[in-house]
Amino acid sequence: MNFPGEPEVYETVRRNLQRAVADYLGRYNSGLSTQTLLPAVVAPPPPPAAKIQRHTFNDPKLAGYWLDSCARHRGDCRTHEVIHEYCRQKGFDKAVKSHAVAFPFLHQSMRIRDNSVCTNAAGICRRMSSITCERQR
């Protein structure tokens, strides 16, 4: 808007604007307050604590054989791989504890990854004597 030489137009617009702003502030401004306009927000209750279930398998077997402490034939003997896989097969999340032992001459154990059988002829086979598995419910 440009009204050169007509200052009363500018003064009228200025007065009307001041009046509109004052009216607006009067209707919508209730002053400052420490009260919130939002409803009270209630934190949700904490989720129920997970129930941990444990089970110890003594002398665990695989297809009727003792469970070998090695996962596969000619592989690294990683007991942690064996015990975690055994627990998963039994419906648990993980293994939390285990124990392996040597076993008598010519007895046999089975490896969990390839189902190969270890016959303890040289005294090198070891079997799992217990595995404790855990799951959360």
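FYI, it's all coordinate maths here, none of it is from the lab. Nothing here was measured: the structure is a model prediction, and the numbers come from that model. FYI the Cβ positions are ideal-geometry reconstructions off the backbone, even for glycines, and counts take in every protein chain you see.
Before moving on, here are some points about what is shown:
- In a simple Cβ point-charge model (Lys, Arg +1; Asp, Glu -1; nothing else charged), the chain has a dipole of about 920 debye relative to its Cα centre.
- Cross-link reach list, aspartates and glutamates versus residue 51, counting only Cα pairs under 14 Å and skipping chain neighbours closer than eight places: 93, 134
- As a size descriptor, the averaged projected area of the C-alpha convex hull of region 43-127 was calculated at 6.9 nm².
- Karplus-derived 3J(HN,Hα) values for region 41-47, using 6.51 cos²θ - 1.76 cosθ + 1.60 with θ = phi - 60°, are 9, 9, 5, x, x, x, x Hz; glycine and proline are entered as x.
- Placing unit charges on each Cβ (+1 for Lys and Arg, -1 for Asp and Glu) gives the chain a dipole about its Cα centre, and among 79, 25, 67 the Cα reaching farthest toward its positive end belongs to 67.
- Those lysines that a straight Cα-Cα span of less than 21 Å connects to residue 61, excepting residues fewer than 8 apart in one chain: 90, 94, 97
- Helix-only mean residue ellipticity at 222 nm for the chain, each DSSP H run of n ≥ 4 adding -39500 (n - 2.57), per residue, nearest 500: -8000 deg cm²/dmol
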